[in-house]
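Asks: Could you have a look at this structure, given as structure tokens, before my questions?
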2 protein chains.
Amino acid sequence: MLKGFNGWALEGFPLVKAGDDIGGMIVETCENNGLELEDGDIIVIAQKVVSKAEQRVVTLSGVVPSEEARELARSTGKSPRFIGLVLNETRKVLKASKDLLLVEDRRGLVCINAGIDKSNVEDRGRYVLLPEDPDLSADRCRRRIGELTDKNVGIIVSDTYSRPFRRGQVNFAIGTAGVKLFKDYRGKRDLFGRVLKVKNVAVVDELAAAAELLMGQADESMPVVVFKKLGHLLESNGNHNIAELFISEEEDLFRGVL
Amino acid sequence: MLKGFNGWALEGFPLVKAGDDIGGMIVETCENNGLELEDGDIIVIAQKVVSKAEQRVVTLSGVVPSEEARELARSTGKSPRFIGLVLNETRKVLKASKDLLLVEDRRGLVCINAGIDKSNVEDRGRYVLLPEDPDLSADRCRRRIGELTDKNVGIIVSDTYSRPFRRGQVNFAIGTAGVKLFKDYRGKRDLFGRVLKVKNVAVVDELAAAAELLMGQADESMPVVVFKKLGHLLESNGNHNIAELFISEEEDLFRGVL
């Protein structure tokens, strides 16, 4: 018996507006696509549609840049208001240089510009912030799909970020509900009986990365991917907190490297 | 029409010995599994089986540790011979601290212990080095499968590594043949006609990550995963050099962060 999984991108997912019910839209688009949702399905949703539904789209006009924002604007060459917007979402600035503002955001996520972006937004001059609490967004969607279909699915909210050492971006998990963060092999044995000491694989990030292969980043408009036959990666006893994935500076093996 | 892909793990892949023909073994195991190889298939192979076939398994007894190795052994608490082994594979030591030796290896790959590992090796006291040239390993396998089946497939050699900022490991590409490294969106337009400036997605790493979901790290023995319906990610005009994925310290946005 071959062991495998399938990933499906939902065609024709509607453009999302403030207040939209993402869970309901997923159920409807699955129906339109003839794709039946089943127990154990894992659904990866691009952050941008979640943010739009949650009204996390803002203009710069309301932003009053602080002194810190003005200073960082000078060193990065970006607009003071844009930097002000990023700082509102930021716990700690990790690096500010020409063209780059890398931060640890309020949620503990390390990313450029606190994940704020303006691609795939209708109105020029508007910026999309990350969801206030991506775990909660995922959980809301999971419950809504449960209500509508009576199926137990897992949800991942994902976004695409640069990473150190390697060129290009990959998709990462930024919020989850009902999905295992890790496949923990520590204490398990290898093929020849040796105990594994370190292996703790971040499957939630691997699922996010896999979903991106179908999503696309430009005008493909495929913000939702459904994985089938990976039900063993569902978390049976409740939700996980994505913050468990974020490593503190003190614990980070790579501290002091870059 | 739903757009999707499938990933299949090959059951019953034999234990690999020095000199084994990995390409031939993949073709045979696919046949045994009733899985037909087709043009456009992308095959991800765990580094360990490639290294074993290429006789990259060594003992520490032949290693004569240099003065540098002895010094690093003191600061990391590891054996001088093991450190000597790592240094043989290393271009530059990035960090040496208690229990950790992070290096840029001879191939430009940033990883702990130059990717040297002893899990899933038959004999105690033996260590597996990365393939000498993982691109060449991938290319050899691709040609062999082409010879045997007349199909044009892509190959990725992958390994599982820790990464900064996030807990746990994920699978990365360390060598490829015939697969696109990136889906480059720079200059393309988003849903609303805005030109994308930065997006250049490292699909080869996303494919490696996706494969890990089926491979496992312990005694599952699923070192080969075949992806179907992702043929648009094949590189039509020849092979890529994985080194194009490695970013120099000077260019790394994250420089100075950790």
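The values are calculated or read from the model by the stated rules, or taken from the named source; none is laboratory data. Not measured: the values here are computed from a predicted model. We place every Cβ from the backbone using ideal geometry, glycine too, and count neighbours over all the protein chains shown. The accessibility values were calculated without ligands, DNA or RNA, using every heavy atom of the protein model including side chains. Shrake-Rupley method; radii C 1.70, N 1.55, O 1.52, S 1.80 Å.
Asks: Please list, by residue number, every one of the GluC sites (Glu not before Pro) in segment B:186-258 that is coil in DSSP and has at most 10 other beta-carbon atoms within 10 Å.
Replies: B:250, B:251
Asks: Now a separate question. Can you list the distances in nanometres, one decimal and ascending, from the residue A:195 label point to the identical position in each other copy, with the point 7 Å along Cα to Cβ?
Replies: Label-point separations across copies, in nm and ascending: 5.9.
Asks: What does the average come to when, for each residue of peptide A:120-126, you count the partner chain Cβ atoms lying within 10 Å of its Cβ?
Replies: Mean partner shielding for this stretch: 2.
Asks: So, one more: Take every Cα pair under 8 Å in chain B that's 6+ residues apart, average their separations, divide by the length, and report that relative contact order as a whole percent.
Replies: Across chain B, relative contact order equals 25 percent.
Asks: When the expected Rg is taken as 2.2 N^0.38 Å, what fraction or multiple of it is the alpha-carbon Rg of the protein assembly as shown?
Replies: Against the compact-globule rule of thumb, the ratio is 0.97.
Asks: While we're on this one: Using a 7 Å offset from the Cα along the Cα-to-Cβ direction at both residue B:58 and residue B:17, what is the distance between the two label points in nm, to one decimal?
Replies: 2.4 nm
Asks: Net charge near residue B:30, counting Lys/Arg +1 and Asp/Glu -1 over other residues with Cβ under 12 Å of its Cβ?
Replies: The answer is -4.
Asks: How much mean residue ellipticity at 222 nm does the protein assembly as shown get from its helices, if each DSSP H run of length 4 or more adds -39500 (n - 2.57) and you divide by all residues, to the nearest 500 deg cm²/dmol?
Replies: About -8000 deg cm²/dmol.
Asks: Any lysines with Cα under 29 Å of the residue B:78 Cα? List them, leaving off those in the same chain fewer than 8 positions away.
Replies: A:183, A:188, A:197, A:199, B:17, B:48, B:52, B:92, B:95, B:98, B:118
Asks: I'd like to check one number: the per residue accessible area of segment B:57-129, probe 1.4 Å, reported in Å² as a whole number.
Replies: Solvent-accessible surface per residue comes out at 47 Å².
Asks: Same structure again: What does the copy distance list look like for residue A:123, label position 7 Å along Cα→Cβ, in nm and ordered from shortest?
Replies: Here residue A:123 shows inter-copy label distances of 7.1 nm.
Asks: Under the classification rounded if a/c is under 1.5, otherwise prolate if a/b is larger than b/c and oblate if not, where does segment B:142-258 fall, given a ≥ b ≥ c as square roots of the Cα gyration tensor eigenvalues?
Replies: oblate
Asks: Tell me, what % of the accessible area of segment A:57-129 is carbon and sulfur with a 1.4 angstrom probe?
Replies: After summing per-atom areas, the C and S share lands at 47 percent.
Asks: When chain B is modelled as a GNM with alpha-carbon springs shorter than 10 Å, which of B:107, B:194, B:91 fluctuates the most?
Replies: Taking springs between Cα atoms under 10 Å, the residue moving most is B:194.
Asks: Starting from a label point 7 Å past Cα on the Cβ side, list the distances from residue B:231 to the same position in the other copies, nm, shortest first.
Replies: Listed shortest first, these distances are 3.2 nm.
Asks: Mind checking how much accessible area B and A bury in total, 1.4 Å probe, in Å² rounded to 100?
Replies: Values: alone 14730 and 14740 Å², together 20970 Å².
Approximately 8500 Å², summed over both chains.
Asks: If you take the Cα Rg of segment B:57-129 and divide it by 2.2 N^0.38 Å, with N the number of residues, what do you get?
Replies: It is 1.01.
Asks: Another question, if that's okay. At a threshold of 8 angstrom on Cα-Cα distance, excluding pairs fewer than six apart, so keeping six or more, what relative contact order does segment A:57-129 reach in percent?
Replies: Result for segment A:57-129 is 28 percent.
Asks: Let me know the whole percent of all Cα-Cα pairs from segment A:205-258 that are separated by more than 12 Å.
Replies: Distances greater than 12 Å cover 77 percent of the Cα pairs.
Asks: Hey, rough spin-label estimate for residue B:186 and residue A:98, points 7 angstrom out along Cα→Cβ, what's it come to in nanometres?
Replies: It is 1.6 nm.
Asks: Ok, one more. Across chain A, how large is the tail of the calculated P(r) beyond 27 Å, expressed as a percent of all Cα pairs?
Replies: 41 percent
Asks: Another question, if that's okay. Just round it to a whole percent: the fraction of Cα-Cα distances in segment B:1-115 exceeding 19 Å.
Replies: Beyond 19 Å sits 60 percent of the P(r) for segment B:1-115.
Asks: How many angstrom lie between the Cα centre of segment A:208-243 and the Cα centre of segment B:176-236?
Replies: Using only Cα atoms, the two centres lie 15 Å from each other.
Asks: While we're looking at this one, here's another question. Can you pull the one-decimal nm distance between simple spin-label points at residue B:250 and residue A:251, each 7 Å off the Cα toward Cβ?
Replies: Result: 3.7 nm between the two label points.
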